[in-house]
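Student: I'd like to ask some things about the structure below.
The values are calculated or read from the model by the stated rules, or taken from the named source; none is laboratory data. Since this is a predicted model, take the numbers as computed values, not measurements. Cβ placement follows ideal geometry from the backbone for every residue including glycine, while neighbour counts extend to all protein chains displayed. Accessible surface is based on the protein model in full, side chains and every heavy atom, while ligands, DNA and RNA are left aside. Shrake-Rupley method; radii C 1.70, N 1.55, O 1.52, S 1.80 Å.
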Amino acid sequence: MTQQPAVDAQPCIDLRSDTVTRPTEAMYAAMASAPVGDDVMREDPTVRRLEEVAAARLGKEAGLFFPSGTMANLAALLAHTRRGDEVILEAEAHIYYYEAGGLSVAGGLMPRPLPGHHGALDPAAVAEAIRPDDVHFPRTGLVCLENTHNRAGGTVLTAEQTRAVAEVAHAAGIPLHLDGARIFNAAIALGCDARDLAAPADSVMVSLSKGLSAPVGSLLVGSRAFIERARRARKLLGGGMRQAGVLAAAGLVALEQMVDRLAEDHRHARLLGERLAAIPGVAVDLATVQTNMVRFSTRPSGLEAPEFVARLRARGVLAGARDRWNIRMVTHRHISAADVETAAAAVQAVATEALGAAI
Ligand code: TLP
């Protein structure tokens, strides 16, 4: 089934995000029969198994289950840093852009955003940004990377790019946190093991609730000592859950059954990108279409992104306005090749209408 009921009950193709994916039948079945216990007391066997499986899949010692990626990132920041520290991150990083300023509000941290290229940081620029030991300066406490990079359009960082930044940070005694909400998309796109992408980082956050289709949940993985600090931070943030095994059960299915199929989402995004590239009135940089996202500009049509999105919605296609002139579309398990063609036709119709009105 690819047609979704929209908020207003019209059938629609929902390309707003891969977070809209619903649990699979196997997930519902696993949730119904999951052995559970009190996870704050570390007595939920299903959560414990999920944490072990996730840590092993990313090559780390231990894992910790969270209700959201935002909370897992924030707990990682709290566990790595002290109040007043500076955090180096890419200027459009999710942690900086979309997490309600949690690093400053809850962590007392100062962001140091650096411009990136396709989401990648220049190791030399990171080296330059690390503060010398001087009473005037905040202490540089952490460097963050994001793979895949959401606002750059779902672009991937290679293991080499990650390692180059890690080496600069580690040389100064600073840890590296990787927001790997979609690290499995990156691994599939690069044809490598997710462990290779995670290896240079001291901690990694991975989401189960996006393309992997679990209803809820993200994990933080790292060394045993780090995870114990993050456990305290999770409690502080209100993320200590009780019989969370009902959620973790779906997460196990996500890791076991849903990773390889991400390749299909990537093929559909590519198809969508190619279709959009041929439409007068919109512009897409195909170099950024590397995983399951397509970002395109509506500027040539003269129609601003929020209005473009509203007109797409009237045609049964849901997308997200990223800023004044850019729209993001995300492919996922509920989007077929036929849906991609329908969505591209809707973009063409809206763009043609806008260009016609401009004459
Ligand atoms: N991203 C969401 C929105 O918040 C924008 C989306 O639709 O893409 N890191 C990255 C790289 C993310 O893309 C997201 C979610 C998160 C962290 C936060 O995860 P959640 O939504 O579980 O808090």
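Student: Kindly sort VAL135, VAL143, VAL246 by accessible area of their heavy atoms, largest first, with the probe set to 1.4 Å.
Tutor: Sorted descending by solvent-accessible area, the residues read VAL135, VAL246, VAL143.
Student: Compute, for TYR96, the solvent-accessible surface of its heavy atoms (probe 1.4 Å) with the complete set of protein chains present, and express it in square angstrom to the nearest 10.
Tutor: 90 Å²
Student: Given N residues in region 234-279, what is Rg(Cα) / (2.2 N^0.38 Å)?
Tutor: Ratio of Rg to 2.2 N^0.38 Å for region 234-279: 1.93.
Student: What are the principal axis extents of the Cα atoms in the chain, in Å, biggest first?
Tutor: Over the chain, Cα extents along the principal axes are 61, 55, 35 Å.
Student: From the helices alone, meaning DSSP H stretches of at least four residues, give me the mean residue ellipticity at 222 nm for the chain, per-run term -39500 (n - 2.57), in deg cm²/dmol to the nearest 500.
Tutor: Calculated at 222 nm, the ellipticity per residue is -12500 deg cm²/dmol.
Student: Let me ask another. Would you calculate the volume per residue, in Å³, of the smallest convex hull containing every Cα atom of region 317-359?
Tutor: 68 Å³
Student: Subtracting the Cα-Cα distance from 0.36 nm times the residue separation, let me have the gained length for VAL105 to LYS235 in nm, one decimal.
Tutor: Between VAL105 and LYS235, full extension yields an extra 45.1 nm.
Student: Still on this structure: How far, in degrees from 0 to 90, does helix 159-171 lean away from the longest principal axis of the Cα atoms of the chain, to the nearest 10?
Tutor: Computed tilt is about 40 degrees.
Student: For region 77-157, what is one quarter of the convex hull surface built on the Cα atoms, given in nm²?
Tutor: Average projection, Cα convex hull of region 77-157: 5.2 nm².
Student: Sticking with this one: Just read off the accessible area of GLU274 with the full protein assembly in place, 1.4 Å probe, to the nearest 10 Å².
Tutor: 90 Å²
Student: Then there is this: Give me the number: length gained by fully extending GLU307 to ASP323, i.e. 0.36 nm times residue separation minus the C-alpha to C-alpha distance, one decimal in nm.
Tutor: 4.6 nm is the gain from fully extending GLU307 to ASP323.
Student: If you don't mind, another one. Could you work out the equivalent-ellipsoid semi-axes for region 187-323, taking the square root of 5 times each eigenvalue of the Cα gyration tensor, largest first, in whole Å?
Tutor: Working from the Cα gyration tensor, I get semi-axes of 36, 19, 15 Å.
Student: Here is a follow-up. Ordering GLU128, GLU304 by accessible area with a probe of 1.4 Å, largest first, what comes out?
Tutor: My answer, sorted largest first, is GLU128, GLU304.
Student: Plugging the Kirkwood radius over Cα pairs into Stokes-Einstein for region 113-187, at a temperature of 20 °C and a viscosity of 1.002 mPa s, what D comes out in µm²/s?
Tutor: 167 µm²/s
Student: Also, quick follow-up: Report, in degrees rounded to the nearest 10, the 0 to 90 angle that the Cα long axis of helix 45-57 makes with the longest principal axis of the chain.
Tutor: 80 degrees
Student: Taking the chain as the reference, fit the longest principal axis to its C-alpha atoms, fit the long axis of helix 224-236 to the helix C-alpha atoms, and give the angle between the two in degrees, 0 to 90, nearest 10.
Tutor: 70 degrees
Student: Please calculate how many Å² of accessible area region 25-257 carries per residue, with a 1.4 Å probe and no DNA, RNA or ligand atoms counted.
Tutor: 39 Å²
Student: Round to the nearest 0.05 the FRET efficiency obtained for ALA277 and ARG195 when R0 = 51 Å and r is the Cβ-Cβ distance.
Tutor: Efficiency computed from Cβ-Cβ geometry: 0.90.
Student: With each pseudo-label sitting 7 Å past Cα toward Cβ, what's the THR19-ASP285 distance in nm, one decimal?
Tutor: 2.4 nm
Student: When the Cα centres of region 133-165 and region 52-66 are compared, how far apart do they sit, in Å?
Tutor: Taking the Cα centre of each part, region 133-165 and region 52-66 sit 21 Å apart.
Student: Then there's this: Tell me, in nm to one decimal, what length is gained between HIS117 and GLU353 on full extension, where the rule is 0.36 nm per residue of separation less the Cα-Cα distance?
Tutor: Result for the pair: 81.6 nm of gain on full extension.
Student: Let me check something: with ligands and nucleic acids excluded, how do ARG42, ARG311 order by accessible area (1.4 Å probe), largest to smallest?
Tutor: Order by accessible area, largest first: ARG42, ARG311.
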